[in-house]
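Shown next, in structure tokens, is the structure this report addresses.
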Amino acid sequence: MLFQTQLVPFTVRLISLIVCATNHALGATVSLGAHNHALSYEVGFPSSDRATNDNSRKIVLTMKTTLLLGCLLVFSQQIEAQTQKKVAVILYNLSDRQLTFTTDQARATVFTDPNSVRAYYLESSWNQLDISGDVFGIYTVSIASSVCGANGASEAATLAAAAGYIQSNYFATIYLFPESACNYFAASFGSIIYVNSDILDMHNTGHELGHSLHLMHANSLICHDANGVQVPFSNNCTTNLYGDTAGGIMGAGINQLNNYNRGTLGLLTPYNTQTVTASGDYILTPIEYQAGVSSLRIPTVQGGYYYFEFRQPSGVFDNYQPGDFRTQGISIRKGNDYIGSETFAIYSMSGFAANLIWPVGQTFTDPTYGISVTTTSISPEGATVHVAFDPAACVLQTPSMSITPSNQSAQAKSTLTYTVTVTNRNLAACPAQTYIVVPKLPSRWSQAPGSYTLTLGYGASDTRAVAVTSPGNAKPGSYTVSEKANLSQKIYSQRNAVYSVIP
């Protein structure tokens, strides 16, 4: 794995600010700046589904102000770094089958064409992730096409070594060979990628490189009600592998990476992601902009979210024609925190092309978590959504709790300080809850404060110190100090620590 850092000169950053402000004034998209990472398997195919709908410009002024502030925020960062990933491409024929493309064509597809793999990741990362590298071959190995061509990779690597290939110099190595008996079109295993195809395809190669960067599949969910009728969402859903045709190269699209995958790569700043836990109206800027909130998300269970995204025409890979369905509303995906997990697009069933876009006036509802989201307006500058939480969905959960340090020692009559943390683990639909924290101590021991009350909203934590004092006649030994956070008689958490009395 090879990292190179390049600092962007102040002059370039000043020009970027001017471009950002100009694009903001013209209603165009903005492109500026951050990061990277690797693993697994398979492939999807691009889609060209389109549809039309009306735009709304009700919130243009607010959005333009937001975007300009975002531009200023980006400019205020003192240093912007570009991460480079160096990739080797090794081409080889099988003993009875030859590649149908040349070395120059492979180089163009991966590195040099305006729609190359390199160009894709540069555009999707606001020029922060650069894929550079070298092409070796074409060689011929002794493996026949009746055997999986990947079996010839080590032989091809040996031939490439004579031309200067050293595996450790590269973040990833891509082996391209003719279609053979492998059970995949392409597959990645960490830093090693195999492309088993007679067709030189940017999507195939870029998808597998995405796995090496720790990106996973962009799927969709197919859900049915109790009568077997397809609905946007229910408790009866199956996964459509690569079914997200609007979510970028990790699904079946060739448009820019979705907001979840940008977050996984470390490209989103805290300013770009807004976690919604209260009802209200929210602005979602186009994912093509680096400035603004381009990743709006609502928590479900701990560590799980619904992600909301809005797209507009920009660059090469999101150069949508007027009325393209992907620009006519928001898209919704289920996913975990930015840890490189699978994502699942939710079908709107709007009759809108691929049914992956939620146009103005349509509402997504998940009754289990009491979440409702309605697209209320869209414009070239962004979309507004109304979020509502239903308190009736609230099911109270035991709080999370910790006490540190877990073990301390002192002489009798000494006071030791422990830190107690309580976290609300209820759903976002639940109102704030009041917890009573009480100690359980050995006889004649004392604590200050003796007990206390705290009120916490969704996901909120309270951390405070408690001072525990042993009596003067405490005998040497280990004693248990317990803290219990009560939400009700049956909903509580308790954690223990040790106070060791020494002679």
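The values are calculated or read from the model by the stated rules, or taken from the named source; none is laboratory data. Quick caveat, the model's predicted, so the values are computed rather than measured. As a convention, Cβ positions derive from the backbone with ideal geometry for all residues, glycine included, and neighbour counts pool all protein chains shown. Only protein heavy atoms, including side chains, enter the accessible area calculation; ligands, DNA and RNA are left aside. Shrake-Rupley method; radii C 1.70, N 1.55, O 1.52, S 1.80 Å.
One table, with the values for the structure above:
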{"read-out": "Estimated vicinal HN-Hα couplings, Hz - region 387-393 in sequence order (Karplus 6.51, -1.76, 1.60; Gly, Pro = x)", "value": "10, 9, 10, 9, x, 5, 7"}
{"read-out": "Point-to-point label distance, Q489-S142, nm (Cα→Cβ direction, 7 Å offset)", "value": "8.0"}
{"read-out": "Estimated FRET transfer efficiency when R0 is 45 angstrom, pair I436-A388 (beta carbons, to 0.05)", "value": "0.90"}
{"read-out": "Amide hydrogen neighbours beyond the local backbone of F136, cut-off 5 Å, H modeled", "value": "V89, I90, L91"}
{"read-out": "Three semi-axes of the equivalent ellipsoid, region 125-209, Cα gyration tensor, whole Å, largest first", "value": "22, 17, 10"}
{"read-out": "Portion, in percent, of the accessible area of region 399-456 that falls on carbon or sulfur, probe 1.4 Å", "value": "47"}
{"read-out": "Rounded to the nearest 20 debye, dipole of region 337-489 from Cβ charges on Lys, Arg, Asp, Glu", "value": "1080"}
{"read-out": "Kirkwood Rh and Cα Rg combined as Rg/Rh, region 226-357", "value": "0.94"}
{"read-out": "Rounded FRET efficiency, nearest 0.05, which uses the C-beta distance separating T398 from I502 and R0 of 30 Å", "value": "0.30"}
{"read-out": "log₁₀ of I(q)/I(0) at q = 0.08, 0.16, 0.21 Å⁻¹ - region 353-503, Debye sum with one point per alpha carbon", "value": "-0.39, -0.86, -1.18"}
{"read-out": "Packing-based ranking, highest mean first, of 150-162, 452-464 given that Cβ atoms within 10 Å are counted", "value": "150-162, 452-464"}
{"read-out": "Average accessible surface area per residue within region 216-293, 1.4 Å rolling probe, Å²", "value": "32"}
{"read-out": "Per-residue HN-Hα couplings for region 92-104 [Karplus 6.51, -1.76, 1.60; θ = phi - 60°; Hz; x = Gly/Pro]", "value": "8, 7, 8, 4, 10, 8, 10, 5, 9, 9, 9, 4, 5"}
{"read-out": "Amide hydrogen neighbours beyond the local backbone of L213, cut-off 5 Å, H modeled", "value": "L39"}
{"read-out": "Computed FRET value (nearest 0.05) for S461 with T363, which takes r as the C-beta separation and R₀ as 51 Å", "value": "0.95"}
{"read-out": "Net dipole in debye of region 285-372 [+1 Lys, Arg Cβ; -1 Asp, Glu Cβ; about Cα centre; nearest 20]", "value": "100"}
{"read-out": "Accessible carbon and sulfur surface of region 199-307 relative to its total accessible area, %, 1.4 Å", "value": "55"}
{"read-out": "Per principal axis, descending, Cα span of region 357-444 in whole Å", "value": "69, 30, 17"}
{"read-out": "From phi via Karplus (6.51, -1.76, 1.60), per-residue ³J(HN,Hα) for region 280-295 in Hz, x at Gly/Pro", "value": "x, 9, 9, 9, 10, 7, x, 4, 5, 7, 7, 8, x, 8, 9, 10"}
{"read-out": "Distance (nanometres) between label positions extended 7 Å along Cα→Cβ at T453 and A161", "value": "7.4"}
{"read-out": "Positive-pole candidate from G335, G382, V395, dipole of region 298-413, charges at beta carbon", "value": "V395"}
